[in-house]
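Only one structure is covered here, and it is reproduced in the block below.
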Amino acid sequence: MQKPLKILVLEDVQDDVGLIERELRKGGLTFETTRVDSKQGFIEALRQYEADIILSDHSLPQFNSFEALKLCRRSGVRIPFILVTGSVSEEFAVTCLKEGADDYVLKSNLIRLPNAIVNSLKQKELENERKKSDEAIREQNEELVKINRELDSFVYSVSHNLRAPLMSVLGLLNLARLQEGKEEMNQYFQMMEQSIQKLDNTLKEILDYSRNARKDVDVQQVDIRDIVNDSIKRLLYMEGSEKITKTIDIIEQSPLYSDAYRLLVIFNNLLSNSIKYRDPQKEENFIHFYITIEKQLLTIRVQDNGIGIPSHFLPKVFNMFYRATERSEGAGLGLYIVRETVQKLGGKVDVHSEYGIGTTFEIEIPNKLPGDINV
């Protein structure tokens, strides 16, 4: 063993502890022991000693090994527990094992104790490895179920969202061929342009989704103001953009290290959402970006006074292909992509909204400063 084995001994007779230690040394074990002889002492040792194994006598004043074992399991301690006691019946030994003891050794046969300890530790290690393997398999299965579910939904929705604009363009072209007036032609061309833009937006969302799912996180020092301004410029000519006042407040306490592309995707989708769902009944439409950069954390709050989201829709707004309003003309991927992108960066996103008042998105993303980068 690379380091001394830490053994917690529950025993009220010091001489018996000496006999145990002598047999363990004869068995070639390197160890250190801590002895307790009361319930309170045992509880404190469980919290503070960080033992590798517990050796317990069965009967102590006002306390016994069964109670000790239950205390172990309730406190979450999962180290081997071996009963070291006087002569017992076969029925008692079976009961000990049923209660959860890993082994039992008679004090009259301590020569068996070193092997019992080594075997129990190996068995516990194998059990822990199996649990880790089972957990990994469970997580992989959950991920596969998620991927398959989203893929089915993705194929259905994308096929619909790609074909509908194409069929619309095809129909408009056929109508345009039958028209001779210039005014009617321009109207049809405008409608075709809108359909093509819808198709283009859907394709962009598919590309963002695919890149986020498959591309590794690329951490570099980034200028968050440049990213927000870039997003605003990209959507400058989106319908309704000119009617929204956009403000940026940045508190920069530290340089920011993150993935510039993914941050741009987040801002593009949130800004596009605010523009799309602005409230034309209000005198002024606005979107505020509140950004704080700390040594460990990037905090983003995007607030608008748009139409808002009814409370019963809020739990679903980050779902793939979900549309919370009839005004939605996209594929329903925007907020899903925001959540997936934030999670890819190791962060979390939340939304607060009141119908008719506005919506606020709150995002927290780790700041991957040099030395902390782990991607």
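Within the stretch 193-209, the presence of a residue that is assigned by TED's automatic domain parsing to the domain that holds VAL338, modelled with pLDDT under 90 and of a type in the set (A, V, I, L, M) is excluded. The test for being loosely packed, with under 15 Cβ neighbours inside 10 Å and either under 19 Å from ILE7 (Cβ atoms) or more than 36 Å from the chain's Cα centre (by Cα) (or both) holds for SER59. The residues of the stretch 228-264 that are under 15 Å from ARG301 (Cα atoms) and not polar (S, T, N, Q), listed by number, are VAL228, LYS246, ILE248, ASP249, ILE250, ILE251, GLU252, LEU263, LEU264. Residues in the stretch 278-298 that are out of contact with any strand residue (DSSP E or B) (no Cβ under 8 Å at 6 or more places or on another chain) and over 16 Å from GLY347 (Cβ atoms) were compared, and the one that is surrounded by the fewest Cβ atoms within 10 Å (Cβ to Cβ) is GLU283. Somewhere in the stretch 118-125, is a residue modelled with pLDDT of 85 or more, in the same structural domain as LEU10 (by TED's automatic domain parsing), loosely packed, with under 12 Cβ neighbours inside 10 Å and closer than 19 Å to LEU5 by Cα? There is at least one residue in the stretch 118-125 that is modelled with pLDDT of 85 or more, in the same structural domain as LEU10 (by TED's automatic domain parsing), loosely packed, with under 12 Cβ neighbours inside 10 Å and closer than 19 Å to LEU5 by Cα. Taking the stretch 213-255 as the range and being among the aliphatic types (A, V, I, L, M), assigned to a strand (DSSP E or B), out of contact with any Lys or Arg (no Cβ under 9 Å at 6 or more places or on another chain) and surrounded by 14 or more Cβ atoms within 10 Å (Cβ to Cβ) as the test, only VAL222 passes. The C-beta contact set for the stretch 1-23 (first residue touching a residue at least 40 places away in the same chain (Cβ under 8 Å), second residue of a type in the set (Phe, Trp, Tyr) and outside any loop (DSSP other than H, G, I, E, B), distance under 7 angstrom, 6+ apart or interchain) comprises LEU5/PHE31; ILE7/PHE31; LEU10/PHE42.
Do we find that ILE309 is in contact with a strand residue (DSSP E or B) (Cβ under 6 Å, 6 or more places away or on another chain), hydrophobic (A, V, I, L, M, F, W, C) and at pLDDT below 90 in this structure? Criteria met by ILE309.
Selection of the stretch 50-98 for residues being farther than 19 Å from GLN40 by Cα and polar (S, T, N, Q) yields THR85, SER87, SER89, THR95.
Could you say which residue among ASN115, ASN109 is within 19 Å of ILE7 (Cβ to Cβ), surrounded by fewer than 13 Cβ atoms within 10 Å (Cβ to Cβ) and without any contact (Cβ under 8 Å) to a residue 24 or more places away in the chain? Explain how you work it out, then say what you get.
On the way: ASN115 fails: without any contact (Cβ under 8 Å) to a residue 24 or more places away in the chain.
Of ASN115, ASN109, the one residue that is within 19 Å of ILE7 (Cβ to Cβ), surrounded by fewer than 13 Cβ atoms within 10 Å (Cβ to Cβ) and without any contact (Cβ under 8 Å) to a residue 24 or more places away in the chain is ASN109.
Among the residues of the stretch 44-80, the ones that are among the aliphatic types (A, V, I, L, M) and touching a Ser or Thr at 6+ places or on another chain (Cβ under 8 Å) come to 7 in all. Taken over the stretch 72-109, the criterion of being over 17 Å from LEU8 (Cβ atoms) and in contact with a helix residue (DSSP H, G or I) (Cβ under 6 Å, 6 or more places away or on another chain) is satisfied by GLY86, GLU99. Quick one: is GLU44 out of contact with any helix residue (DSSP H, G or I) (no Cβ under 9 Å at 6 or more places or on another chain), at pLDDT 85 or above and either among the basic types (Lys, Arg) or within 19 Å of LEU121 (Cβ to Cβ) (or both)? No. Scanning the stretch 81-95 for residues that are in contact with a Ser or Thr (Cβ under 7 Å, 6 or more places away or on another chain) and surrounded by fewer than 16 Cβ atoms within 10 Å (Cβ to Cβ) returns a single hit, SER87.
Yes or no, residue by residue, for (1) touching a Leu at 6+ places or on another chain (Cβ under 6 Å); (2) among the polar types (S, T, N, Q); (3) not assigned by TED's automatic domain parsing to the domain that holds GLY100:
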site: GLN14; (1), (2), (3): no, yes, no
site: VAL17; (1), (2), (3): no, no, no
site: LYS26; (1), (2), (3): no, no, no
site: LEU55; (1), (2), (3): no, no, no
site: PRO61; (1), (2), (3): no, no, no
site: ASN64; (1), (2), (3): no, yes, no
site: PHE81; (1), (2), (3): yes, no, no
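The values are calculated or read from the model by the stated rules, or taken from the named source; none is laboratory data. On a predicted model such as this, the values are computed, not experimentally measured, just so you know. Positions of Cβ are backbone-derived with ideal geometry, glycine not excepted, and every protein chain shown enters the neighbour counts.
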